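The block underneath contains the structure these notes are about, expressed in structure tokens.
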Amino acid sequence: MAEAAVSYVVERLINLLQKKIAFLKNVQQGVEGMQDELVRMKCFLKDADMKQEDDEAATIRNWVSEIRAVAYHAEDVIEIFIRQVEFQERQCFFIKCVFYPKKLYCLYKVGKEIESIQTRILQISNSLERYGIRHRQGLRDGEGSSTTREKMRELRRSSPLVANKDAVGLEKHVSSVVSILLKEDKQLRVASIVGMGGVGKTTLAKEVYNRTQIRDKFDTRAWLYVSQDYKPMKIIKELILQLANPEEDKVKIVDTMDKLSEAGLEEMLQRRLKDTCYLIVLDDIWTTEACDLIVRSFPDNDKSSRLLLTSRRKEVALHADPHATPYKLEVLSEEESWELFIQKVFAEDRECPQDLVDVGKEILEKCDGLPLAITVIGGLLAGKKKQRSEWQRVQRNLDLHLVRSQTYGVSAILALSYKDLPPHLKSCFLYLGLLQKGKDIPVRQLMHIWIAHGLIHQNGEQKLEDIVEDYLDDLIGRNMLQVIQVRADDRVKSCRLHDLLRDFCIMQAKEEMFLEVDNPSISLSGSRHLVLYSPLERYEYLGNSKSYIRSLLSFDSSAKLVNLDCICTSSFKLLRVLYIDSPGLNVISDSIGKLCSLKYLGVGWKTRIKKFPHSISRLQNLETIDMPMSRFYSVKVPNVLWKLENLRHLLGYINSPSLLKIDLPKNLQTLGSIPVHQWMHHENLTRMTNLQKIGLLIESADNLDMDQLCDSLAELESLQSLCLELTNSLQISLVAGLPKLSHVVKLKLKGDLASIPVHPCLFPPNLCQLTLVNSKLHSDSIQVLEKLTNLSVLKLVKAFDRYDQPDDSITISENGFRGLKFFRMDQLMSMREMKLGKGAMAGLKCLQIFKCYSLRRLPEELISLTNLEKLEIREMPEAFIARFQVSDLHKLRHIPNIVVGHPSTDYEESIQELERENILRKIRSHAQVIRAAYLFKRWAEGNTNDNAD
């Protein structure tokens, strides 16, 4: 989709003009002219994209490819020029004078390049008429559609009359949707089914539509297929014809409708539905605009009428009825996938030969639970010989069958979602192909990569990070990304791209000359983003690419030594993103300083680097340094960070042999973790006006003044999140300084707490999230925490002393934790029982219980937590799970979302270890008593002898 590529480059040029106006003033007119030409070119690209699907596709693709190449070249020319000028501007006055002739030459050269680009754009524009591509501005959606699009629409047109003989795993979903439709409510309501393309939304709607309860409930039923190319008047006419009585003259009805305006048609429809209880299915609806134009035609007649719509976009469903929760249809489980596969391949005997089972399951893995993909592959294998060699041949060419060759199959269905994206989201979607296959996508990393590539367009005062979350929510709402993990504050922590969507993403990115994945002949591809899964040396001519590389991500799992010198060449001088996760990376050499355009530098868990070179000070555009957040992955950083003026996020455990200047990068927002003594030696911390999150590592209590530490943190008005971590056997003493941290809303304490103060006022006054790890608290401490009025999130991880719990229970008092929304109990080993007083945790929405091996049962009072929306149980003993699934069920009926993970396999060992430690503790305690008695006896005998003398 060239529209996305050109839109992205145009946005980049506008951004460069705004930020680098001083550098470009002598060529500004030429740059603006080039930008204007590209903007005009965009107007033709939408029609060109459609025509790529017709018979003349080869000619159109060639034209689109030329536009893309020109747009990329324009971006390269401007960026290289700015890089050269920026380098000269950083020099002293004498050097500037020496380089001035070179600057004039650069201006002359870039001027000529811009003239050449403008000439090329003009030549391409003149070819528009020759190719029959017209300006699409002012055309209504659906006009000018290609023949292929019309064929596609007809092939996808749904009908409730076609039976679903092989539907699998639908019964539970059908029951849920039927109950939603039959819910008592006289008003017109809209129910909706949402999910990714090919997941079976239409199939589910058909099953619901034909259920006996639905037929009996609704006097009138109708089914409408909407699609992306909807026409409201055509849809209303089709519906009126469906509603007509069998004895009515259809020709007369059509003649009457042809004479009516859109308003007249709506009135005619409303008259027919006025006195009836009706159900109308709107299948495959894409936009809120379509929703408004169609739904407004249906009268609310107080007859308990219903609309049922299917859509890939959650936004559309919520727009149709903000008071109804869309029903999310997920992919099939492994068991359901296998059942559908068997039905499709072995329609008669419904049994797979034993020698084909392993190959069949490997083929099925690629489908990743998507019914459409399983149906396509199942239909293909049904026509093949039931031989292992034949199935293995299909397995070797799965991509060909699922994505590339399916004109109206899986690829075309998934492409509809991509085509529906606005240009800025198309670019964001293509960048998902950069991230490691088979792994969940960390939102934090994705955010930094999107920002580094300039994909996020800032609106006013809104933060870039907030805009990223808006973009991400949009992709999730369109069911193009699956949420895997959610943070306690409901923000997405990690997500996942369905395997087939990822294949489509990479295929599309390759067509755009955008991305190359694991190709040994990378230099021949001209792609601007590279993803490698083998040692760097395997890739021929890596440093001599035809284009300027913007991203390099390496996920090589071999231990072969990685030398980054091979990428510090001219082909990489515009590199913005570098991420290496390879056990062969031991050293980052000084040559990395040549990558002056770098904005994101990341190293993964598998790397073994110990320090950064001094040359990172030359990375003046660097915004993010991303390292694993673990105390066991500590990296020495030279005292040059203060030179990185654009640094926004420094993630990881930072160490330095000398005092580290950290108070100068004014843009710094995140400081992963540094030794507390490095922090305390700075006097100008108030200059860090944007610092929002910091971690401090306390390795020694010598000369540490906690009050003074809190005073320094209190000066940071933007600080919201604080983590204090202790090493060894140190203790944190909560002191009067914490209430000064009025801006802190998230507090994480890792290590032994000397004690919890009796009064909760010694915590930050606006504290909303509290995490305690390895705190060795007494169970009574919970009665102090429950009085924190603003607390909405509490995480207790190994928080209690394993030996200091006489009754082995945690009791939350009456009305305790009234504002708590999220509560996690993780590895509270000795907790046998949990008790809740009346009104305790009344507002709780999510309860998580992980690895609490001694816990016997859920609290009886759980039944009174009516606001609880999710209960998550993971790695608990089998006995607890069995009891939970039988005797605890009455406590759980009101909870809509219950997640039960696999039982723990190591709990018995942990319990035995705990019992051994308890026995040893008792022995030590008895030994101390005996020793004390013995010493007392010796002392008494000594006194007696003295008196006798």
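Computed from the coordinates by the stated procedures, all read-outs in this text should not be read as laboratory data. Here the structure is a predicted model, which is why all the values come from computation and not from measurement. Because the Cβ atoms are built from the backbone with ideal geometry, glycine has one as well, and the counts that use them run over all protein chains shown.
Summary table below
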quantity	calculated
Under-5 Å amide H pairs with THR607, H placed in peptide plane, nonlocal only	SER582
The stretch 415-509: GluC sites (Glu not before Pro) falling in loop per DSSP and having at most 12 other Cβ within 10 Å	GLU461
Peptide ranges 561-571, 310-320 listed from the most packed, as the mean C-beta count within 10 angstrom indicates	310-320, 561-571
Calculated from backbone phi, Karplus (6.51, -1.76, 1.60) coupling profile of the stretch 858-865 in Hz, x at Gly/Pro	6, x, 4, 6, 4, 5, 8, 7
Global geometry of the stretch 581-721, whether rounded, prolate or oblate, following the gyration tensor of its Cα atoms and the 1.5 cut on a/c	prolate
R0 of 41 Å, Cβ-Cβ distance SER630-ARG388: FRET efficiency to nearest 0.05	0.35
Cα gyration tensor category, rounded, prolate or oblate, for the stretch 440-511 with a/c compared to 1.5	oblate
Stretchable slack from HIS457 to GLU334, in nm (0.36 nm times residue separation minus alpha-carbon distance)	40.2 nm
Loop-located trypsin sites (Lys or Arg not before Pro) in the stretch 241-282, at most 12 other Cβ atoms within 10 Å (DSSP)	LYS259, LYS274
Integer Hz, Karplus 6.51/-1.76/1.60 couplings in order for the stretch 824-829, x for Gly and Pro	10, 10, 10, 6, 8, 4
Alpha-carbon centroid distance for the pair the stretch 688-732 / the stretch 241-303, whole angstrom	66
FRET efficiency, 1/(1 + (r/R0)^6) with R0 41 Å, evaluated for ASP292 and SER558 via beta carbons	0.15
³J(HN,Hα), Karplus 6.51/-1.76/1.60, whole Hz, each residue of the stretch 305-320, x for Gly, Pro	6, 9, 10, 10, 10, 10, 7, 7, 10, 4, 4, 5, 4, 5, 5, 5
Net lengthening on full extension, SER809/ASN790 (0.36 nm per residue, minus Cα-Cα)	4.3 nm
Placed amide H near TYR653: partners under 5 Å, 5+ positions off or other chain	SER630, VAL635
Zone residues, the stretch 196-214, relative to ASP185, backbone N less than 18 Å from point 7 Å out along Cα-to-Cβ	214
Estimated distance in nm for a label pair at ILE895 and LEU730, the labels positioned 7 Å out from Cα along Cα-to-Cβ	3.8
Where a label projected 7 Å from the Cα of GLN354 along Cα→Cβ would reach, residues of the stretch 369-400 with amide N under 16 Å	388
Segment ALA244-SER261, length gained on full extension (0.36 nm per residue, minus Cα span)	4.2 nm
Förster radius 35 Å - calculated FRET efficiency between GLU645 and GLU115, Cβ distance, rounded to 0.05	0.50
Listed residues ILE441, ASN459, ILE476: farthest to the positive end of the dipole of the stretch 440-483 (Cβ charges)	ILE441
Charge dipole (debye, nearest 20) of the stretch 606-681; +1 at Cβ of Lys and Arg, -1 at Cβ of Asp and Glu	320
Farthest positive-ward along the stretch 173-300 dipole, Cα basis, beta-carbon charges - from THR287, MET257, VAL199	VAL199
Check: the stretch 736-881 dipole with +1 on Lys, Arg Cβ and -1 on Asp, Glu Cβ, in debye	540
Tensor-based shape of the stretch 724-880 (alpha-carbon gyration tensor, a/c under 1.5 rounded, otherwise prolate or oblate)	oblate
Residue-count net charge about VAL178 - beta-carbon cut-off 12 Å; Lys, Arg +1, Asp, Glu -1	+3
Lysine pair count for the stretch 165-254 [Cα-Cα under 18 Å; pairs on different chains or 8 or more apart]	12
Computed label-point distance, nm, for sites ILE476 and ASP780 using a 7 Å Cα→Cβ extension	4.2
Net charge dipole size for the stretch 270-400 [Lys, Arg +1 and Asp, Glu -1 on Cβ; Debye, nearest 20]	480
Distance (nanometres) between label positions extended 7 Å along Cα→Cβ at THR866 and ARG608	6.1
Unsatisfied cross-links (Cα-Cα over 30 Å) in the set LYS611/LYS750; LYS314/LYS361; LYS366/LYS493; LYS510/LYS666; LYS439/LYS643; LYS439/LYS750	LYS314/LYS361; LYS510/LYS666; LYS439/LYS643
